[in-house]
1. Lys and Arg at +1, Asp and Glu at -1: add these up for the other residues within a Cβ distance under 14 Å of residue 163 and post the number.
2. Could you give the distance between the Cα centres of the stretch 218-265 and the stretch 49-119, to the whole Å?
3. Please list 143-153, 226-236 highest first by mean number of surrounding beta-carbon atoms within 10 Å per residue.
4. Contour minus end-to-end for residue 8 and residue 128, with contour as 0.36 nm per residue of separation and end-to-end as the Cα-Cα distance?
5. Tell me the mean residue ellipticity at 222 nm calculated for the chain from its helices only (DSSP H runs of n ≥ 4, each -39500 (n - 2.57), averaged over every residue, nearest 500).
6. My understanding is that a pair violates if its Cα-Cα distance is over 22 Å; which of 62/161; 161/195; 195/225; 57/161; 161/264 do that in this structure?
7. Given the convex hull over the Cα atoms of the stretch 107-171, what projected area results after averaging over all orientations, in nm²?
8. Once you list every other residue whose beta carbon is under 15 Å from the beta carbon of residue 263, what net charge do they have if Lys and Arg are +1 and Asp and Glu are -1?
Amino acid sequence: MSTGERPDVDPVTGHPAAIVYQDVWKAFGPHQILRGLDLVVPRGRVTVIIGRSGTGKSVTIKHVMGLLRPDKGRIWVGDDELTAMSDRELRRVRLRFGIVFQQAALFDSMDVFDNIAFPLREHERLKEAQVRERVMALIAQVGLRGSERKVPSELSGGMRKRAGLARALVRSPEFLLYDEPTTGLDPILTAAMDKLIADTDAAHPDLTSLVISHDMHAVLSIAHKIVMLNEGVVVHEGTPDYFTSSDDPLIRQFLAGSLDGPMKV
Ligand SMILES: Nc1ncnc2c1ncn2[C@@H]1O[C@H](COP(=O)(O)OP(=O)(O)O)[C@@H](O)[C@H]1O
Ligand SMILES: [Mg+2]
């Protein structure tokens with residue numbers, strides 16, 4: 001397996017490349033979604049992907065988890081090239097990821113503790129005391145102390161998101177993916193979730209986070225790197241400063257949430 005062409009460093013942050021997409025193409029029937037996507041996700045940083053609905057953001061992260069395979073192009077997770085892997089190998093790669101879903105996707109019948117413990121009990125052979133230690137540490141970290149015996153129906157939306165985040169972190173993943181973590185939350189819960197993403201990043205220096213968001217406030221406050229997708233390619237990438245100081249009409253329209261500009265509704 002050749003990894004010779006894989007970039008070693010992210011040009012935006014100067015950090016080592018953790019995930020690399022190289023000229024990735026994907027169509028569903030006649031619908032071409034990704035059209036030569038090139039993307040470097042830096043290790044230990046927070047990268048946020050922005051772009052209109054339907055532009056291929058979720059499709060992009062499904063590729064890195066091996067849930068979709070590209071029609072053309074290459075994808076590396078660390079030194080592993082996914083495009084060369086069997087389904088069985090891809091399942092192993094998937095275990096290196098934690099995922100925070102838009103709907104927290106908790107098990108209704110299990111309390112908070114058991115929901116968070118589930119991936120540990122499923123994938124690792126730990127003594128119950130070790131499970132307890134890890135789960136309780138995460139419960140404290142995400143601010144759910146005292147709620148461990150509640151079931152999801154007894155929790156607020158924000159608390160369910162926290163439980164979902166703790167579950168995503170419980171196996172100490174190398175990568176944490178968030179697909180629109182604040183969609184459907186009110187502004188206060190959105191700010192709380194943004195803070196949680198930033199705090200999680202600060203608490204886990206080696207963790208590589210990839211966030212999909214259209215909440216521009218969050219993007220500018222939590223991202224080390226922002227990538228703007230449009231029609232299946234990266235049209236802009238840079239630091240939050242690059243985006244806020246840009247005169248580019250597409251960036252200005254997106255930041256302003258405006259109907260006027262190059263993006264048509
Ligand atoms: N499994 C699939 N089969 C067919 N079409 C799909 C599939 N997944 C996504 N699409 C289509 O690809 C486009 C991009 O989807 P998606 O990546 O989910 O957009 P978003 O940027 O909003 O996350 C959409 O038009 C969607 O309908
Ligand atoms: Mg999506």
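1. Values: positive: 145, 149, 150, 160, 161, 162, 167; negative: 108, 111, 114, 148, 154.
Around residue 163, the charge tally is +2.
2. 24
3. Details: 143-153: 14.6, 226-236: 19.6.
Ranked from most to least packed, the peptides come out as 226-236, 143-153.
4. 39.2 nm
5. Working: 9 runs with 92 residues, N = 265.
The helix contribution divided over the chain gives -10500 deg cm²/dmol.
6. 161/264
7. If you wrap the Cα atoms of the stretch 107-171 in a convex hull and average its projections, you get 3.8 nm².
8. +1
Just so you know, all these numbers are worked out from the coordinates, no wet-lab data involved. These numbers were taken from a predicted model, which means no experiment stands behind them. Reconstructed Cβ throughout: ideal geometry from the backbone, glycine too, with neighbour counts over all protein chains shown.
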